[in-house]
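Encoded as structure tokens, the structure appears first; notes follow it.
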Amino acid sequence: MSQQTISKSPLSHETASHSTGSQEETLDQISRGAFVRVLAVDGGDAIARRLDDLGLRAGVEVEVIRQAPLGDPTVFELHGYQLCLRRTESQRVRVSPTSPSSSETQKAGAAS
């Protein structure tokens, strides 16, 4: 039954997170301090286009910086700047966990 769900709705963030376990999640599910890589942004509306304009596109590394006490909104760092998103916006961004790469190396180099 799960194969039918996956083939019918590959862009649904709920289906994707349940079908692939911890490999693929949405940005709103990521804990503070974690690094992820963007897989895709769901939707073709103005909000999805705005997220793309802000730099949230496939392949981009994102770090979760901080969250409001109730978890909404959340501050993310990408492309050297911080971006604050509401949960409804971050639910559209499908991500996979990654280890800190160039951004962590640059931070360590700047500190010394």
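Results for (1) outside any helix (DSSP H, G or I); (2) crowded, with 16+ Cβ neighbours inside 10 Å; (3) at pLDDT below 95; (4) touching a Gly at 6+ places or on another chain (Cβ under 9 Å), shown as yes or no for each residue.
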site	(1), (2), (3), (4)
11	yes, no, yes, yes
16	no, yes, yes, no
22	no, no, yes, no
55	yes, no, yes, no
88	no, no, yes, no
99	yes, no, yes, no
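List every residue pair whose Cβ atoms lie under 8 Å apart, where the two residues are 6 or more positions apart in sequence or sit on different chains, the first residue falls within the stretch 48-73 and is touching a residue at least 40 places away in the same chain (Cβ under 8 Å) and within 16 Å of residue 38 (Cβ to Cβ), and the second residue, located anywhere, is surrounded by fewer than 12 Cβ atoms within 10 Å (Cβ to Cβ) and of a type in the set (Gly, Ala, Ser).
Partner pairs satisfying both residue conditions: 61/101; 61/102; 63/33.
The values are calculated or read from the model by the stated rules, or taken from the named source; none is laboratory data. A quick note: this is a predicted structure, and the numbers were derived from the prediction, not measured. Counting neighbours? That spans all protein chains shown, and the Cβs are built from the backbone with ideal geometry, glycine included.
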